[in-house]
1. Can you tell me which residue within region 85-110, out of those that are under 17 Å from Gly33 (Cβ atoms) and out of contact with any helix residue (DSSP H, G or I) (no Cβ under 7 Å at 6 or more places or on another chain), is surrounded by the most Cβ atoms within 10 Å (Cβ to Cβ)?
2. Looking at Asp85, Asp72, which is the one that is over 16 Å from Gly163 (Cα atoms), among the acidic types (Asp, Glu) and modelled with pLDDT of 95 or more?
3. Which ones in region 7-22 are open to solvent by less than 30 Å² (accessible area, probe 1.4 Å) and at pLDDT 95 or above?
4. Here is a check on your reading of the model: is Phe228 surrounded by 22 or more Cβ atoms within 10 Å (Cβ to Cβ), touching a residue at least 12 places away in the same chain (Cβ under 8 Å), hydrophobic (A, V, I, L, M, F, W, C) and closer than 30 Å to Leu18 by Cβ?
5. Under 30 Å from Ser318 (Cβ atoms), touching a Gly at 6+ places or on another chain (Cβ under 8 Å) and either open to solvent by 40 Å² or more (accessible area, probe 1.4 Å) or of a type outside the set (Asp, Glu) (or both), is that true of Gly194?
6. Scanning region 122-157 for residues that are aliphatic (A, V, I, L, M) and closer than 30 Å to Glu168 by Cα, which turns out surrounded by the fewest Cβ atoms within 10 Å (Cβ to Cβ)?
7. What are the pairs with Cβ atoms under 6 angstrom where one residue, in region 296-308, is touching a residue at least 24 places away in the same chain (Cβ under 8 Å) and the other, located anywhere, is assigned to a loop (DSSP other than H, G, I, E, B) and open to solvent by 80 Å² or more (accessible area, probe 1.4 Å)? Sequence gap at least six, or different chains.
8. Only residues that are over 16 Å from Val205 (Cα atoms) and crowded, with 20+ Cβ neighbours inside 10 Å: list them for region 252-267, please.
Amino acid sequence: MNTPNARSTSPSPALRRLSDVTWAWMHDSSAWGYSNAGLIASQGQALLVDTQFTLGATRQLLTAVEEVCPLDAVGTVVSTHQNGDHTWGNQLLPQAEIITSAASAAGGCHEMSPDQLTQLCQSPAEGKALGYVVEHFGHFDFAGVTAIPPTRTFEGREEIKVGSVVVELIDLGAGHSAGDVAVHVPGHRVVCAGDALFSGGHTIVWSGSISGCIRACQILLDTGAEVFVPGHGTLLDRAGVAAIRDQLRAVADAATSYAQRGVPLADAARLIKAAHADTWAHPERLFTQTAAAYTEAGVDGVPSGTWAMVEGMASLTS
Ligand SMILES: [Zn+2]
């Protein structure tokens with residue numbers, strides 16, 4: 001993985017201006033690993049919401065940022081959570097304070113390292129789970145990546161100023177991950193939601209909870225924002241966020257009902273995929289939503305952890 005790979009960066013990400021002080025770095029892709037980012041810049045100061053999965057992809061992002069402001073103006077990076085596709089470019093902004101929620105920072109201890117993911121991707125793709133990892137992550141080049149942890153945490157809500165712009169950091173709690181964070185710019189009705197929102201693809205519940213995902217969608221809507229930058233996929237409006245919330249609710253209700261009737265998790269996940277896949281990408285991620293609902297319903301022995309979720313998703317791919 002030491003040679004640059006053409007698919008380490010997606011073909012046409014772009015920095016889109018959302019208002020006179022807010023921008024979104026959009027891949028418009030629901031494929032794994034191509035995460036969106038946000039930029040707020042005002043009066044010589046800037047805040048970046050998330051970096052990218054690889055150093056190459058983050059350099060591509062920072063080249064676009066430089067068209068808005070000098071890189072040394074980026075004094076703050078807010079990490080929406082600790083997954084590598086949102087944080088593994090942090091080292092390219094050594095001057096920046098890296099802020100996330102206390103829950104997000106604590107959850108980072110359980111994340112896979114760049115070396116571990118590289119080793120997995122270089123393994124012979126034996127078995128469905130490993131095959132799934134290699135298929136979706138094997139084309140990324142993690143050479144040189146050092147995972148940089150947050151330098152400051154917050155809980156609840158915190159307001160900070162970027163130049164003249166008020167920015168609200170929102171601790172969403174456990175949903176997609178053990179701790180998700182959104183960045184709200186109230187004066188411009190913009191929210192950068194990280195992976196609390198997936199647009200065009202199904203939500204993954206790694207280590208949070210499905211009720212937390214539903215609650216997060218409602219918190220985001222309650223900001224009154226009109227434009228939502230999802231962690232992956234295309235920009236969302238309020239109806240788009242409501243549709244994600246309603247999809248999660250429908251899955252949670254169905255999964256809870258299966259759990260109460262004693263239906264095995266694997267069977268429930270298949271039934272839910274058949275009923276709720278819709279046209280959204282990655283319907284196999286419905287395994288993670290089902291498993292989370294089973295855990296919340298108090299079912300014993302529900303598998304947990306990153307690898308168990310990968311195995312569950314891989315099992316739903318055919
Ligand atoms: Zn992501």
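1. Ranking the candidates gives Thr87 first.
2. Values: Asp72 fails: over 16 Å from Gly163 (Cα atoms).
The unique qualifying residue is Asp85.
3. Keep residues of region 7-22 that are open to solvent by less than 30 Å² (accessible area, probe 1.4 Å), which gives 8, 10, 13, 19, 21-22.
Scanning region 7-22 gives Pro13, Ser19, Val21, Thr22.
4. Details: surrounded by 22 or more Cβ atoms within 10 Å (Cβ to Cβ): yes; touching a residue at least 12 places away in the same chain (Cβ under 8 Å): yes; hydrophobic (A, V, I, L, M, F, W, C): yes; closer than 30 Å to Leu18 by Cβ: yes.
Answer is yes for this residue.
5. Details: under 30 Å from Ser318 (Cβ atoms): no; touching a Gly at 6+ places or on another chain (Cβ under 8 Å): yes; either open to solvent by 40 Å² or more (accessible area, probe 1.4 Å) or of a type outside the set (Asp, Glu) (or both): yes.
When the stated conditions are applied, Gly194 does not pass them.
6. We begin by selecting, within region 122-157, every residue aliphatic (A, V, I, L, M); these are 125, 129-130, 133-134, 143, 145, 147-148.
Narrowing the set further to residues that are closer than 30 Å to Glu168 by Cα leaves 145, 147-148.
Details: Val145: 24, Ala147: 16, Ile148: 19.
Looking at the filtered set, the residue picked out is Ala147.
7. Pairs that qualify, where the first residue is touching a residue at least 24 places away in the same chain (Cβ under 8 Å) and the partner is assigned to a loop (DSSP other than H, G, I, E, B) and open to solvent by 80 Å² or more (accessible area, probe 1.4 Å): there are none.
8. Tyr258, Ala259
The values are calculated or read from the model by the stated rules, or taken from the named source; none is laboratory data. Everything numeric here is computed off the predicted structure, so don't read it as measured data. Note that each Cβ is placed from the backbone with ideal geometry, even for glycine, and that neighbours are counted across all protein chains shown. Accessible surface areas use protein heavy atoms only, side chains included; no ligands, DNA or RNA. Shrake-Rupley method; radii C 1.70, N 1.55, O 1.52, S 1.80 Å.
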